[in-house]
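Single-structure report; data block below.
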Amino acid sequence: MKLTELARVLGLEVGGVVASEIEITGVGGLADARTGQLTYTAEAKHVQALATTQASAAICRPEHAGESPIPCLISKSPGADFARATRVFHPRRRLPTGIHETAVVAPSAIVSNEAHVGAFVVVGDHVTVGDGSEIHARTVLYDCVEVGRDTVIQAGCIVREGTKIGDRCVLQPGVVVGSDGFGFARDADGHYEKIEQLGVVVIEDDVEIGAGSTIDRATFGETRIRTGAKIDNLVQIGHNVVVGENTILCAQVGLAGSTTVGRGVTLAGQVGVAGHCEIGDGVVATAQTGIPSSVSAGKLVSGYPAIDNRSWLKSSAVFNRLPELQKSVRRLERAMSLEKSAIDEP
């Protein structure tokens, strides 16, 4: 594909070194791209790498286009436009429509003729699967599950009863949606009585859920993942949680029950949030942050308990010096004690 044609497809302008007839055959990273491939740079500190990359063209911000020694496509969001370019050269492989002969599909289920149901899939009563959706091998859809259009459920997923999944969602292998929330009540003798989990999970449109993640059904009502949320591998979402639009939950994040996470939030790897917290819109929590209470919108927090990121950075810089500071304080205390004793003597 000519660079000018790719620019048209992506809705971008060609800039930098003029080479409009250059042929683009694929995509690659700055360090490993080959001749004929397109790469990208989103930050000023990476622009210098364009001088050594083997890529034939790059996607750059407008302010970096003049510095590029190779042809570039000018973009205000290079990462997002590069992501679109990856799909131009590597479009999703669609599986053939129809139901595999080894699949077990309840008579009351409604599976679109334009959908794919793979080998050893189990589809329960009153399930609906929309046009263009793919249910891959050994997935189980319990009764009354709803799957929208163009959604891909990869191999080995379990979707429990009553779950609703919207359009254009992706569930990576081994996802469990609608498992029982962690609800137990302790009696006077110390034994635990299970609280039946009677709610559902609702996953809105354009949500992706990473491999091995689990989303618990609500005790009552619903657990809801809103449009555009992206959930990494090995994330645990408790009962009655709400995850806001376009929020990112990175690997090993854990959300305890009845937590509400706002729009555009980023929780980095291994962030833990206690139950019944409210995380405001646009909050960013850095890796391994522990959040025991609510966080107001727009905050950047770190550490445990979560505090302002700047305060955490200053505090963490002192940690290694704490033994030395402790010795200094003890020396000062002894000196002050001796001085006081001398003053008190008659």
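For every residue, the table says whether it meets (1) among the polar types (S, T, N, Q); (2) closer than 20 Å to LEU255 by Cβ.
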| position | (1), (2) |
| --- | --- |
| VAL122 | no, no |
| ASP131 | no, no |
| THR139 | yes, no |
| THR151 | yes, no |
| ASP180 | no, yes |
| ARG186 | no, no |
| GLU196 | no, no |
| GLY221 | no, yes |
Revision key, fill the gap. Scanning the range 281-323 for residues that are crowded, with 18+ Cβ neighbours inside 10 Å and part of a loop (DSSP other than H, G, I, E, B) gives VAL283, THR286, THR289, GLY303, ALA306
Exercise for review: Give, as residue ranges, the strands (runs of 3 or more DSSP E) completely inside the range 1-71 that count at least 1 residues that are among the β-branched types (Val, Ile, Thr), buried (at least 20 other Cβ atoms within 10 Å of the Cβ) and touching a residue at least 60 places away in the same chain (Cβ under 8 Å).
Suggested key: 13-16
Check your understanding: Would you pick out the residues in the range 207-250 that are more than 12 Å from the chain's Cα centre (by Cα) and at positive phi?
Key -> GLY212, GLY221, ASN240
Exercise for review: Filter the range 251-275 for residues that are of a type in the set (S, T, N, Q) and more than 14 Å from the chain's Cα centre (by Cα) and give the result.
Suggested key: SER258, THR259, THR260
**Study point:** ALA137 being in a loop (DSSP other than H, G, I, E, B) and either within 17 Å of PRO96 (Cα to Cα) or not assigned by TED's automatic domain parsing to the domain that holds CYS250 (or both)
**Key:** yes
Check your understanding: Of all strands (runs of 3 or more DSSP E) completely enclosed by the range 158-207, which ones contain at least 1 residues that are surrounded by 16 or more Cβ atoms within 10 Å (Cβ to Cβ) and aliphatic (A, V, I, L, M)?
Key -> 176-179, 200-203
Practice item. Test each condition in (1) touching a helix residue (DSSP H, G or I) at 6+ places or on another chain (Cβ under 9 Å); (2) of a type outside the set (A, V, I, L, M, F, W, C); (3) touching a residue at least 60 places away in the same chain (Cβ under 8 Å) for THR289 and report the one that comes out false. Key: (3)
**Study point:** Number of positions in the range 108-132 that are crowded, with 20+ Cβ neighbours inside 10 Å, touching an Asp or Glu at 6+ places or on another chain (Cβ under 6 Å) and outside any strand (DSSP E or B)
**Key:** 0
Exercise for review: Give me the pairs, please: first residue somewhere in the range 77-88 and assigned to a helix (DSSP H, G or I), second residue anywhere and exposed (fewer than 15 other Cβ atoms within 10 Å of the Cβ), beta-carbon distance under 7 Å, and either six or more positions apart or on two chains.
Suggested key: VAL88/VAL9
Check your understanding: Is it the case that ARG310 is among the charged types (D, E, K, R) and modelled with pLDDT of 95 or more?
Key -> no
Review point. Just to be sure, is VAL88 β-branched (Val, Ile, Thr), closer than 30 Å to GLN154 by Cα and loosely packed, with under 14 Cβ neighbours inside 10 Å?
Key: no
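Here's the yes/no breakdown for (1) aliphatic (A, V, I, L, M); (2) not in a loop (DSSP other than H, G, I, E, B):
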{"residue": "ALA211", "(1), (2)": "yes, no"}
{"residue": "ILE215", "(1), (2)": "yes, yes"}
{"residue": "PHE220", "(1), (2)": "no, no"}
{"residue": "THR223", "(1), (2)": "no, yes"}
{"residue": "THR227", "(1), (2)": "no, no"}
{"residue": "ASN240", "(1), (2)": "no, no"}
{"residue": "GLU245", "(1), (2)": "no, no"}
{"residue": "ALA251", "(1), (2)": "yes, no"}
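Matching residues to (1) more than 30 Å from THR266 (Cβ to Cβ); (2) free of Cβ contacts under 8 Å to residues at least 12 places away in the same chain:
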position: ALA306; (1), (2): no, no
position: ASN309; (1), (2): no, no
position: LYS314; (1), (2): no, yes
position: ALA317; (1), (2): no, yes
position: LYS327; (1), (2): yes, yes
position: ARG330; (1), (2): yes, yes
position: GLU333; (1), (2): yes, yes
position: SER341; (1), (2): yes, yes
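The values are calculated or read from the model by the stated rules, or taken from the named source; none is laboratory data. All values derive from a computational prediction rather than experimental measurement. Reconstructed Cβ throughout: ideal geometry from the backbone, glycine too, with neighbour counts over all protein chains shown.
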